[in-house]
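Read through the structure below, which is laid out as structure tokens, and then see the notes.
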Amino acid sequence: MFELTTATIYNRPMSFQFRGCTLDQPLLLPPSLQEWLPDGHLARFIADVTEQLDLSAIYAGYGRKDGRGQLGYHPLLLTRLVLYGYCVGVVSSRAMERKTHDDVGFRYLAADQHPDHDTIANFRKQHLKALSGLFLQALQLCRKAGLVKLGHVALDGSKIQANASKHKAMSYGRMGEAEEKLQAEVEELLRQAEAADAAKDAQYGKGRRGDELPEELVRRESRLKKIQEAKAELEAEARQEAEKKRAEAEAKLAARRQQEEQTGQKARGRQPQAPDPDKSQPAANAQRNFTDPESRIMPDGAHKGSFVQGYNAQIAVDSQAQIIVACDLTEETNDKQQLAPVLEQVEQNLGLKPEAASADTGYWSEAQVSDERLRGIDLFVATSKQKHGEADEAAEQQAVSGDQQSPLAAMKQKLKSEAGRSIYKMRKAIVEPVFGQIKEWRRFRRFSLRGKDQAKAEWQLICLTHNLLKLFRFGRSWQTA
């Protein structure tokens, strides 16, 4: 009797004509790498643009020139893989290794080679500073292509999760309690270990090996050590902060005495108090993360009422084509001290100050907007959160009282003007979509590397690849001299 099988169904003669689909044919891809991708593919762009970049800082990391040893993967190949990976949201070295097998773009850039994930990870780690340093070179290419005008630069910050869990953090007050508890547990375990050793000596003889050190003791001693180290770091920070405050207080006291000598009258107001660094203690709620001690618990702006263990990523974006012209990373939970440093970096990167700069209320600080480094920049910084069309009563009262010279009153009046409103309302459209593109389209929401310096270099790598993507979409005019 005829048995109907899958093979007879799908392999029976049919009147339709199809292309062959044999999986064991000798060649699945064209023999030339150039035939693997269409002309306008991003991988082709990365291959071309890396030819324009100066990679001497990367090549300098390779010491041996005698030709001995096993041949290594070319630094240009690995640079292309890392940049392309960050462009398309693939930052894991293991994922990059897999992509060299099953993604044609990665396979094209790897020249049909397959470096293992350890090679990719070690390359990124060893040359991270040099890779992040390519940010300036890419920025100059964007400028050459006409994508940077420095007419209006908008600033913003966003919290990005560190490579650490917020559940691995502990407050200073809790550390004291945990230290006492663990110390007692360790002492009890040591007492039990000594008793066990005595029993083993009696059984096996003095000096003979018995059981291994109890696992509970190793675990508790390790945790106790971490807590003690974290406590010491918090206490050192508290002493440094106290020394800073003491220096400030002593400077104020000196100025106060000088004023009293000049006027012959006792200065009004409370006399500044200089704290004693030796007696300073961290606040009970001061926290330290055991996985990445330099990261901080920060309010998550995207989810009201929630917190993230991370860093505060800063960018300044040019209005012409949303090119990032400056980027930084800080462990500060707010943006109040970032306005002048970020705009100063714009000038350092491009040799010019922007004509105008805008920032939201998180950046407002009279000291910052009055900073000498920002002289010549037309600033538009919100002084408070305000609903659309809502009158600013405080500004009105200050204007009536004639207090127009203070930076706060002047900025409020400036933002109320038609020109001020017109410029400031563009801030959201300039800078906020950039964070959206990075977090949503490229899925970068968490750093792969630990420590502020490492995370900062990775953030520069993210900003570098953002600019490369803008350059790619703009076209090939960047190649013109």
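A few notes on this one:
- Set HIS101, HIS41, HIS114: member being free of Cβ contacts under 8 Å to residues at least 60 places away in the same chain, surrounded by 13 or more Cβ atoms within 10 Å (Cβ to Cβ), out of contact with any Cys (no Cβ under 7 Å at 6 or more places or on another chain) and not basic (Lys, Arg): HIS114
- When HIS466 is tested against (1) surrounded by 19 or more Cβ atoms within 10 Å (Cβ to Cβ); (2) more than 23 Å from LEU134 (Cβ to Cβ); (3) modelled with pLDDT of 90 or more, exactly one condition is not met: (2).
- Selected residue [farther than 29 Å from THR333 by Cβ, modelled with pLDDT of 65 or more and either surrounded by 12 or more Cβ atoms within 10 Å (Cβ to Cβ) or not assigned by TED's automatic domain parsing to the domain that holds LEU329 (or both)] from GLN273, GLN258: GLN258
- In this structure, GLY89 does not qualify as more than 21 Å from HIS41 (Cβ to Cβ) and under 23 Å from the mean Cα position of the chain (by Cα).
- Flag if GLY69 is modelled with pLDDT under 95 and under 25 Å from ILE438 (Cβ atoms): no
- Taking region 299-370 and the strands (runs of 3 or more DSSP E) fully enclosed by it, the elements with 2 or more residues that are more than 24 Å from SER384 (Cα to Cα) and in the same structural domain as ARG421 (by TED's automatic domain parsing) are at 307-318, 323-330.
- Tabulated pairs, region 433-446, first under 14 Å from GLN314 (Cα atoms), second aromatic (Phe, Trp, Tyr), C-beta under 8 angstrom, 6+ apart or interchain: ILE438/PHE444
The values are calculated or read from the model by the stated rules, or taken from the named source; none is laboratory data. This is a predicted model, so every value here is computed, not measured. Methodologically, a virtual Cβ is constructed for each residue, glycine included, from the backbone with ideal geometry; neighbour enumeration extends over all protein chains shown.
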